[in-house]
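Worksheet for the structure shown next.
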Amino acid sequence: MTDRNSTGPGNGVGPISRRTLLQVGGAAAVVVGVSGLAACTAPGGGPAETSGAPSGGGTPVRGGTLRVGATSGGSGDTLEAQSPLTTMDFLRAGALFEQLVQMNGTTGAPELVLAESIEPNADATEWTIRIKPDILFHNGKTLTADDVLFSLRRIEENSFPGLITMGPLDLAAATVVDPLTLRIPFDAPYSIFVEGLAGVFATRIVPQDYDPANPVGTGPFTFGSFTPGQESTFPRFDDYWQEGLPYLDELVIINFADETAQLNALQSGQVDLINQLSSTSVSSVEAAGGSVVVSKTRAFVPFTMRVDEEPFSDVRVRQALRLLVDREAFNQQVYGGLGAIGNDTFGAIDPAYKDAVPQREQDLEQAKSLLRSAGFPELQVELYSSPIGPGATAAASVFATQAAQAGVQVKIRTQDPTQFFAQSYTQVAFAQSFWNTGAYLTMAQQGMADGAPFNEIHQTDAGWQSLYAEALATVDATARDALVQELIRFDYEEGGYIIPAYFPGIEGMNSRVGGVTENITGLPINGSSWQGIWLQS
Amino acid sequence: MAGIMTKSLAAAGTPARPRAAAGRAAHPIRRLLLWRVPLGVLSVVLVGVLTYLATRVLPGDAASAILGQFATPEALASLREELGLDQPLVPGLLSWFGDFVTGQFGTSLATRGPVTDVVLPRLENSAVLILIVALVSTVIGVVGGVMAANRRDGIFDSSASLVALVASALPEFVVGVFVIFVFSVGFLDWFPAVSIIPPEDRIWDEPIKLVLPALTLVIVTAPYMFRMVRAAMIEALTSDYAEVARLKGASTARLLFRHALPNATAPAVQVLGLNLLYLAGGIVLVETVFQYPGIGLALASAVQTRDVPVLQFIVVLLAIFFVTLNILTDLLVLLSTPRRRAPR
């Protein structure tokens, strides 16, 4: 599986977060703080803090070198803190750096990491970030608000992907109130700043003298060595701010070109933990005495229909194609039944998502009828597919097979990921894409709002855009959820996405590895957090 | 592979042919060198040019490969400028050629470090693997071929011929998976399944990790040597002069090693040359199966990331290797065939 871009757009925030954020401290005060979220979510995913089924039972132990075999890397590997591109980049960045706030692995809700609180003013046109005291960088310096400002400015100056979800902030006018407090004005109300910072887009904090060649962060591991396409090593950071963590003495991340080699290496004891496995590998790992952690993520490889191009410009065609999919069979055939069923809209972890729309089921007769009325009784479409995410090319085949039952002929054009992203992505009428777990508004910001960089379906509906803008300016959580529900209903009826299923995250490990838990974010291995993982001696 | 081998065999086995025999014919060796060396240089240059053109024609470039889904127009433009990808075709080709000739092999677009830093350590690892495989498969092929020819249609000959036939019919990655299963993760836990080593090490620092990749390639290449030596030996042993030698009371050993084996040298050299050529190009799959840190994996990665300088450097190195080896093979064949090395 060539998962070149398995860290595509998408970030997330969940129900608890927004409600909590918006209700703590009165109507106007939005507080994410120790009093709210942090109390229930010790960031970093130590075994006590995360739900799911952790691997390797028993008590965590200190020490040992964990050897991880991962795919998706290559000679273009980077250690860049704020613009990791591949899954392997995220695994490395998760060892060295941390964010102010991140997605909780169980719910997807924001949980505070370096920040103690992130509060808006009454209309969300100004946000105040207060960071935790006494957090050290690997070079011994203490984290300050100046470092936070430097980090956010660095993202802005380099137009790193994190900028997309940071909203209309005015960093030139930002002020450092005291060593631990930063105040940032916004050009327009922006009620989802916390969710934007929590996304997978790596708004990671680096010191003011950050040197990418010798990276320094606040993460649980320090920089040891890095050879692109081969191996990187990360010794333990002894002054890590979370007491008693990390458990491991050293983390070694090794590049693998394919899954078979990963499995062989695990079976022969050359690595301890492997990631991004397909469902067919589960039995191989278990037969060899290892264990598997399967995460029900809300990340997905959708089919994208351009709503401005024939035949998809006719909403009946889009509706028909969505009705062609037998989602249970799709999940079974593509993901071995380990994924979760999708329903064609963003925001599966959103509070507004639940009960917004009914689960869509396959209805071939209705699909045929819609196609006939749209004037396409014998529809032929060309689907651009590429191995850009788990099960992508298999998904295209299964979709084509299911579509054929209704007489729709799907011709699949498979391209390598580089060709796909250079020539087809966001260009062709019918293609595939990759999204990580996310909340509705932050995903819409990347994929459907005016100027969104990943507008794969070319959504420009004026009514939708106006609802979306209203939601961003709505500070009250309940009111905003109602708006999001309206947006979801629109997408469900008229949108350009087909999301048959969410792919599972599958990690295999030997019996010595403990602390690997299910994680909803779509980023592998505890959402790329390492401090909670241990090795039995 | 069989098809490729057969085709290449015919090509490599054909000695250089003089274009015109003007006046007194030149010495065959001089004639071969005078003709083949300039042609070889031309071939290498052509390979360089074609590789450059092919990489320009490929959809997508290093910037879009690196950025992938995040390749927004602004990000693409910025990275392209940083990587120098905005150079037009012909000036780009000329500057690459000029740099290459003067020993400046450029900077990897992916790692942003010198191309040589990316390629040379891996080249050493691959060279070690290829040489070991060539040596072992030659010894096995020659010894097996001589033994089989000596007792033609005996038990050893029949069984070895059958094994060779089966082995030569199997793709190398199937053999690779098979040896991993037998010697690592299935029956016997003798050797590591994959050949991952720390980047600063070379494969000879951990020779145990050479075993399975080498074994795989020996299984794939030795049968050709075996079959060629066996056939040449049988032909020699059934010839009139061998019969005469036998009638004159020559011992079996003398018959085999003094009379027959020298006649098998030329075909053996040809097969050795072909095996080396195959190994240089064909180790990509085996290196992938074993995660062997060699030039094959580097080549695959360079194609994936559209890392043109690395790609060109590797391809041109391989072209030089191919051309040199072809000339050397023909030279050795000429030297080991007395009737052809004298001027006519």
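Taking every residue in region B:93-117 that is closer than 19 Å to B:Val47 by Cβ and pairing it with any residue that is small (Gly, Ala, Ser) and surrounded by fewer than 18 Cβ atoms within 10 Å (Cβ to Cβ), at least 6 positions away or on another chain, the pairs with Cβ-Cβ distances below 9 Å are B:Gln104/B:Gly98.
Only helices (runs of 4 or more DSSP H) whose full extent lies in region B:252-344 are considered here, and the ones with at least 1 residues that are in contact with a Gly (Cβ under 9 Å, 6 or more places away or on another chain) and over 30 Å from A:Gly229 (Cα atoms) are B:261-290, B:308-335.
Among the residues of region A:307-316, are any in contact with a strand residue (DSSP E or B) (Cβ under 8 Å, 6 or more places away or on another chain) and either under 22 Å from A:Arg327 (Cα atoms) or surrounded by fewer than 22 Cβ atoms within 10 Å (Cβ to Cβ) (or both)? Lay out the reasoning, then the answer.
First, the residues of region A:307-316 that are in contact with a strand residue (DSSP E or B) (Cβ under 8 Å, 6 or more places away or on another chain): A:311-312.
Pick out the ones that are also either under 22 Å from A:Arg327 (Cα atoms) or surrounded by fewer than 22 Cβ atoms within 10 Å (Cβ to Cβ) (or both) and you get A:311-312.
Checked region A:307-316: at least one residue is in contact with a strand residue (DSSP E or B) (Cβ under 8 Å, 6 or more places away or on another chain) and either under 22 Å from A:Arg327 (Cα atoms) or surrounded by fewer than 22 Cβ atoms within 10 Å (Cβ to Cβ) (or both).
Beta carbons closer than 9 Å, at least 6 apart along the sequence or on distinct chains, pair a first residue in region A:266-277 that is more than 8 Å from chain B (Cβ to nearest Cβ) and over 19 Å from B:Gly186 (Cβ atoms) with a second that is part of a loop (DSSP other than H, G, I, E, B) and of a type in the set (D, E, K, R) for A:Asp272/A:Arg512; A:Gln276/A:Asp3. Inspect region B:54-66 for any residue being closer than 28 Å to A:Phe226 by Cα and basic (Lys, Arg) and give the result as yes or no. For region B:54-66, residues closer than 28 Å to A:Phe226 by Cα and basic (Lys, Arg): absent.
Just need a number here: residues in region A:210-227 that are surrounded by fewer than 24 Cβ atoms within 10 Å (Cβ to Cβ), in contact (Cβ under 8 Å) with a residue 40 or more places away in the chain and not β-branched (Val, Ile, Thr).
At the first step, the residues of region A:210-227 found to be surrounded by fewer than 24 Cβ atoms within 10 Å (Cβ to Cβ) are A:210-216, A:222-227.
Checking the rest, the ones that are also in contact (Cβ under 8 Å) with a residue 40 or more places away in the chain come to A:210, A:212, A:215-216, A:222-223, A:226.
Checking the rest, the ones that are also not β-branched (Val, Ile, Thr) come to A:210, A:212, A:215, A:223, A:226.
Adding up the residues that qualify gives 5.
For region A:434-471, the set of residues classified as touching an Asp or Glu at 6+ places or on another chain (Cβ under 8 Å) and within 14 Å of chain B (Cβ to nearest Cβ) consists of A:Gly447 only.
Scanning region A:500-530 for residues that are of a type in the set (Ser, Thr, Tyr) and either in contact with a Ser or Thr (Cβ under 6 Å, 6 or more places away or on another chain) or not assigned by TED's automatic domain parsing to the domain that holds A:Ala288 (or both) gives A:Tyr502, A:Thr517, A:Thr521. Select from region A:187-206 the residues that are touching a helix residue (DSSP H, G or I) at 6+ places or on another chain (Cβ under 9 Å) and surrounded by fewer than 21 Cβ atoms within 10 Å (Cβ to Cβ) and list them in ascending order. Within region A:187-206, A:Ala188, A:Pro189 qualify.
Would you be able to say whether some residue in region B:292-314 is within 20 Å of the chain's Cα centre (by Cα), of a type in the set (Gly, Ala, Ser) and away from every other protein chain (no Cβ under 14 Å)? No, region B:292-314 contains no residue that is within 20 Å of the chain's Cα centre (by Cα), of a type in the set (Gly, Ala, Ser) and away from every other protein chain (no Cβ under 14 Å).
Per-residue answers, yes or no, for (1) out of contact with any Phe, Trp or Tyr (no Cβ under 7 Å at 6 or more places or on another chain); (2) among the hydrophobic types (A, V, I, L, M, F, W, C):
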residue: A:Leu273; (1), (2): yes, yes
residue: A:Arg298; (1), (2): no, no
residue: A:Ala329; (1), (2): yes, yes
residue: A:Asp355; (1), (2): yes, no
residue: A:Arg360; (1), (2): yes, no
residue: A:Arg372; (1), (2): yes, no
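Taking residues in region A:138-151 that are more than 14 Å from A:Phe97 (Cα to Cα), and partners anywhere that are part of a helix (DSSP H, G or I), the pairs with Cβ atoms closer than 8 Å and at least 6 places apart or on different chains are A:Leu149/A:Leu171. The set of residues from region B:81-112 being surrounded by fewer than 13 Cβ atoms within 10 Å (Cβ to Cβ), assigned to a loop (DSSP other than H, G, I, E, B) and within 14 Å of chain A (Cβ to nearest Cβ) comprises just one member, B:Arg112.
Determine whether B:Gly154 is within 14 Å of chain A (Cβ to nearest Cβ) and over 22 Å from the mean Cα position of the chain (by Cα). It would help to see each step written out before you state the result.
Details: within 14 Å of chain A (Cβ to nearest Cβ): no; over 22 Å from the mean Cα position of the chain (by Cα): yes.
Criteria not met by B:Gly154.
For A:Glu365, indicate whether it is in contact with a Lys or Arg (Cβ under 9 Å, 6 or more places away or on another chain), surrounded by fewer than 21 Cβ atoms within 10 Å (Cβ to Cβ) and either acidic (Asp, Glu) or not assigned by TED's automatic domain parsing to the domain that holds A:Phe490 (or both). No; evaluated as a whole, the condition is false for this residue.
Checking A:Glu486 against (1) more than 18 Å from A:Ser433 (Cβ to Cβ); (2) of a type in the set (D, E, K, R); (3) in contact (Cβ under 8 Å) with a residue 24 or more places away in the chain; (4) not in a loop (DSSP other than H, G, I, E, B), which single condition isn't satisfied? The single condition A:Glu486 does not satisfy is (3). Taking region A:470-519 as the search range and keeping residues that are polar (S, T, N, Q) and either surrounded by fewer than 21 Cβ atoms within 10 Å (Cβ to Cβ) or over 20 Å from the mean Cα position of the chain (by Cα) (or both), which one is nearest to A:Glu309 (Cα to Cα)? Filtering region A:470-519 for residues that are polar (S, T, N, Q) and either surrounded by fewer than 21 Cβ atoms within 10 Å (Cβ to Cβ) or over 20 Å from the mean Cα position of the chain (by Cα) (or both), the one nearest to A:Glu309 (Cα to Cα) comes out as A:Gln485.
Taken over region A:402-433, the criterion of being more than 14 Å from every other protein chain (Cβ to nearest Cβ) and without any contact (Cβ under 8 Å) to a residue 24 or more places away in the chain is satisfied by A:Ala404 alone.
In a residue-by-residue description of region B:160-177, the property of being of a type in the set (Gly, Ala, Ser), surrounded by fewer than 15 Cβ atoms within 10 Å (Cβ to Cβ) and either within 14 Å of another protein chain (Cβ to nearest Cβ) or over 24 Å from B:Ile283 (Cα atoms) (or both) applies to no position.
Screening A:Ala213 on (1) within 14 Å of chain B (Cβ to nearest Cβ); (2) under 28 Å from A:Gln445 (Cα atoms); (3) modelled with pLDDT under 90 shows it passes everything except condition (2).
The values are calculated or read from the model by the stated rules, or taken from the named source; none is laboratory data. Predicted model, so just to flag it, every value in this text is computed and none were measured. Note: ideal-geometry Cβ built from the backbone for every residue, glycine included; neighbour counts use all protein chains shown.
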